[in-house]
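Colleague: I'd like to ask you about the structure that follows.
The numbers here are math on the coordinates, done by the rules we state, and not lab data. What you are looking at is a predicted structure, and each value in this text was computed from that prediction instead of being measured. Glycine gets a Cβ as well: all are built from the backbone with ideal geometry, and neighbour counts include every protein chain shown.
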């Protein structure tokens with residue numbers, strides 16, 4: 001399809017669109033440099049133009065939702081790849097992160113910090129009672145009499 005298009009028609013397309021059509025025709029992933037070389041060959045661009053524009057080409061690939069960068073550094077069409085999300089893997093990852101945090105917290109805890117905050121003894125109860133000793137209980141009738 002691309003080889004049958006005239007140079008004038010190709011020049012009306014963006015580099016990313018030409019790359020998309022090229023990947024559709026060849027059905028194999030390619031790295032950025034090789035893919036842009038093919039685009040330049042179709043557009044009959046010089047090596048100097050290749051050097052000047054490859055950064056813009058890379059940016060257009062990364063921002064386009066049509067392309068996906070594979071683990072091996074090659075680009076392919078997103079439509080050729082499906083994403084499978086396994087919920088169990090997500091929960092396992094979260095659980096392992098929580099366990100890691102618990103281990104770190106336990107290691108950083110000093111002897112002073114290693115006590116149960118919910119525990120109160122009789123001396124704590126006495127302190128709490130002392131705080132309330134100066135307070136007076138006022139009922140509704142007394143409040144109305146003051147007004």
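Colleague: At 0.36 nm per residue, minus the direct Cα-Cα distance, what do residue 65 and residue 26 gain on full extension? Give it in nm, one decimal, please. Mind dumping the intermediate values first?
Modeller: Details: separation 39, 0.36 × 39 = 14.04 nm, distance 1.94 nm.
12.1 nm is the gain from fully extending residue 65 to residue 26.
Colleague: For the ranges 54-60, 32-38, what's the packing order if you count other beta-carbon atoms within 10 Å of each residue, average per peptide, and put the highest first? Could the numbers behind the result be given before it?
Modeller: On the way: 54-60: 15.3, 32-38: 17.4.
Per-residue Cβ counts within 10 Å, averaged per peptide and sorted highest first, yield 32-38, 54-60.
Colleague: Can you give the extra length, in nm with one decimal, that the chain gains between residue 92 and residue 133 once fully stretched, where that is 0.36 nm per residue apart less the Cα-Cα distance? Each step should come with its number before you reach the end.
Modeller: Details: separation 41, 0.36 × 41 = 14.76 nm, distance 5.25 nm.
Here the answer is 9.5 nm.
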